[in-house]
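What follows is a set of notes on a single structure, which appears directly below.
The values are calculated or read from the model by the stated rules, or taken from the named source; none is laboratory data. Since this is a predicted model, take the numbers as computed values, not measurements. Glycine gets a Cβ as well: all are built from the backbone with ideal geometry, and neighbour counts include every protein chain shown.
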Amino acid sequence: MRQNSTPSVISIAVSSQKGGVGKTTVSINLAHAFARAGVKTLLLDADPQGSVGLSLTRQSRLLAGFYDYLADPGTPLDRLIVPTRLETFSLVACGQASDYEAGGGGLGTHLARVRSFLRSVSARGFDLCIIDTAAGLFGVTGDVIASSDAVMIPQQAEPLGIRSVPKLLEGLNRLRVMNPRLNVLGVCLTMVQNDLAESTEAASALRLLLPPEMVFRTQVPRDGLFVRASARGLPIGVMEEGAGAQVVFDSLRSEIESKLEPREGYRSLS
Amino acid sequence: MDPINPWLDPVEVRRLAERLMTPLRNPDLVVSDAGFDPVFVGYEAMRPVVEQQPTVWPASSSSHVVMPAEIVAPPTIERKPEHTEEPPAVPFQAVQAPVPGNAARGPFLDRINRLSDWLKHNFSATDIFILDREGAVIFDESGHGKLHFLARSLALASRRPGEPAENVHVKVGAGATLEVIPVETPYGCLVLGAVVPDSLTPASVSAVKDAIIQVASPR
């Protein structure tokens, strides 16, 4: 996997302007897809709502996590990492300190600490860090994007979501000034309903609106299986009937790998 | 009715999207980490170097403190007596010769206490504390958790990949600067925090680092 011993994690923020577009679902299942492929993956819950933790572990209300680190960077990373049954898949919950306890504040307030956290993740030997962020491109989410190597944007296939795209693009352009290395992987259409004209039309409209390389070919369908997986606290690929859905995230993983520029120390992630 | 296009300007959206796909001119630009108060006065390494004579560890106000036989003292700088009306620029410039001796070094805590005395005597330091590599407080005369927190944050922020941690200081009040000095020792990285009247010079920082390494070295 690595060409040399230089520790270097690739961090991908999963972010969107609008809430409820499927960021957590994409983050969990994408991280699981990479881990299944042998990539040592850390799933970081940077959303103070704690949806990753609530989805995958019953102890999330007790776990120290990312916001505790922001409140006190002296917290060792090892105390925050929660291993899973899959050796290559670990997670860090959002923690008990809310974003307000971590100081609140505007863009840049937590930049140094977010970067320090990612350096620790890199030193710990992870290949990939998938970061589930809160909606919006400001505050801690802005600092996460301004510290990450790449960002991918889940976007619900419905008209209101598509209308928020200009604001999203403006926000990302601003953040790129803070982080010129930021690789905008593109928009991933989620909750696509092929039996609903408004949904498919919205998906088509987005593909016409944006350059082709900025929209993932892979689409995440709306599927009751995601709800059932969440109810059981599992990534969808672990579900008995989840093989079909896993194909979607394996495809997304392959697209992301092709979009990540070769970096020093990496041949490919998997 | 078209549910999308009347709500936005496709040309503007395309322009914004294409700008995102275009590599920026200077992608290797290193953006400085933010996150400090306006009183943060910068990294010591970036400050202009002012030649000052280093102080030497151990130099204690108490004459019965002895130098361990197995530790070679850093070289002292001989100074010829000069008659001058000029007062020293800072109150901790006096070089104190190490007290020779061959007695045992004593327990770790005693050595830290002697280091504390030395810092107070030579640098007018107060609120001295030491954090271990995990950020835990292993010695504390300050009783201020906020100082520990600040020191942890500064020590972490001062780290650069592949380079030793640098000392950092920040003004914490009128005539009071928190000096944070991370030092690699046989026990791992220890972080010394102390409140001093003014930030320490590079030579003084070097002397303090030497002193901490000696204190934290096993026999």
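Would you be able to say whether some residue in region A:148-162 is buried (at least 17 other Cβ atoms within 10 Å of the Cβ), more than 27 Å from residue A:258 (Cβ to Cβ), more than 12 Å from chain B (Cβ to nearest Cβ) and at pLDDT 90 or above?
Within region A:148-162 (the criterion being buried (at least 17 other Cβ atoms within 10 Å of the Cβ), more than 27 Å from residue A:258 (Cβ to Cβ), more than 12 Å from chain B (Cβ to nearest Cβ) and at pLDDT 90 or above), the answer is no, since none of the residues qualifies.
Is there a residue in region A:57-69 that is over 28 Å from residue B:153 (Cβ atoms) and either charged (D, E, K, R) or in contact (Cβ under 8 Å) with a residue 40 or more places away in the chain (or both)?
yes
Considering (1) farther than 20 Å from residue A:25 by Cα; (2) touching a Phe, Trp or Tyr at 6+ places or on another chain (Cβ under 7 Å), say which one residue A:176 fails and leave the rest.
The one condition residue A:176 does not meet is (2).
Can you tell me which residues in region A:204-222 are of a type in the set (A, V, I, L, M, F, W, C) and more than 13 Å from chain B (Cβ to nearest Cβ)?
Matches in region A:204-222: A:216, A:220.
Does region A:119-136 include one or more residues that are more than 12 Å from chain B (Cβ to nearest Cβ), of a type in the set (Ser, Thr, Tyr) and surrounded by 17 or more Cβ atoms within 10 Å (Cβ to Cβ)?
Yes, because at least one residue in region A:119-136 is more than 12 Å from chain B (Cβ to nearest Cβ), of a type in the set (Ser, Thr, Tyr) and surrounded by 17 or more Cβ atoms within 10 Å (Cβ to Cβ).
Would you pick out the residues in region B:160-172 that are touching a strand residue (DSSP E or B) at 6+ places or on another chain (Cβ under 8 Å) and either within 14 Å of residue B:211 (Cα to Cα) or not polar (S, T, N, Q) (or both)?
Across region B:160-172, the qualifying residues are B:164, B:165, B:166, B:168, B:169, B:170, B:171, B:172.
Can you tell which of A:25, A:88 is in contact with a strand residue (DSSP E or B) (Cβ under 7 Å, 6 or more places away or on another chain) and either under 29 Å from residue A:250 (Cβ atoms) or crowded, with 24+ Cβ neighbours inside 10 Å (or both)?
From the options A:25, A:88, the qualifying one is A:88.
Of the residues B:211, B:194, B:151, B:207, which single one is part of a strand (DSSP E or B), under 18 Å from residue B:119 (Cβ atoms) and touching a Phe, Trp or Tyr at 6+ places or on another chain (Cβ under 8 Å)?
B:194
Just checking, does region A:181-203 include any residue being crowded, with 18+ Cβ neighbours inside 10 Å, within 14 Å of chain B (Cβ to nearest Cβ) and hydroxyl-bearing (Ser, Thr, Tyr)?
There is at least one residue in region A:181-203 that is crowded, with 18+ Cβ neighbours inside 10 Å, within 14 Å of chain B (Cβ to nearest Cβ) and hydroxyl-bearing (Ser, Thr, Tyr).
Please go through region A:1-34 and pick out each residue that is at pLDDT 90 or above, under 18 Å from residue A:127 (Cα atoms) and in a loop (DSSP other than H, G, I, E, B).
Residue satisfying the conditions is A:9 alone.
Could you list, ordered by first residue, the pairs with Cβ atoms under 6 Å in which the first is in region B:1-23 and more than 7 Å from every other protein chain (Cβ to nearest Cβ) and surrounded by fewer than 15 Cβ atoms within 10 Å (Cβ to Cβ) and the second is in a loop (DSSP other than H, G, I, E, B) and at pLDDT 85 or above, at least 6 apart or interchain?
none
For residue A:55, only one of the following conditions fails: (1) among the polar types (S, T, N, Q); (2) under 21 Å from residue A:242 (Cα atoms); (3) at pLDDT 90 or above. What is its number?
If we test residue A:55 against (1) among the polar types (S, T, N, Q); (2) under 21 Å from residue A:242 (Cα atoms); (3) at pLDDT 90 or above, just (3) comes out false.
Considering only region B:187-199, I want to know if a residue exists there that is among the aromatic types (Phe, Trp, Tyr) and either at pLDDT below 85 or in contact with a Ser or Thr (Cβ under 7 Å, 6 or more places away or on another chain) (or both).
yes
Take the residues in region A:166-180 that are under 18 Å from the mean Cα position of the chain (by Cα) and outside any loop (DSSP other than H, G, I, E, B); name whichever of them is surrounded by the fewest Cβ atoms within 10 Å (Cβ to Cβ).
Restricting attention to region A:166-180, the residues satisfying the condition of being under 18 Å from the mean Cα position of the chain (by Cα) are A:168-169, A:171-172, A:175-176, A:179.
Cutting the leftovers down to outside any loop (DSSP other than H, G, I, E, B) gives us A:168-169, A:171-172, A:175-176.
Working: A:168: 23, A:169: 25, A:171: 19, A:172: 21, A:175: 26, A:176: 21.
Across region A:166-180, the extreme among qualifying residues is A:171.
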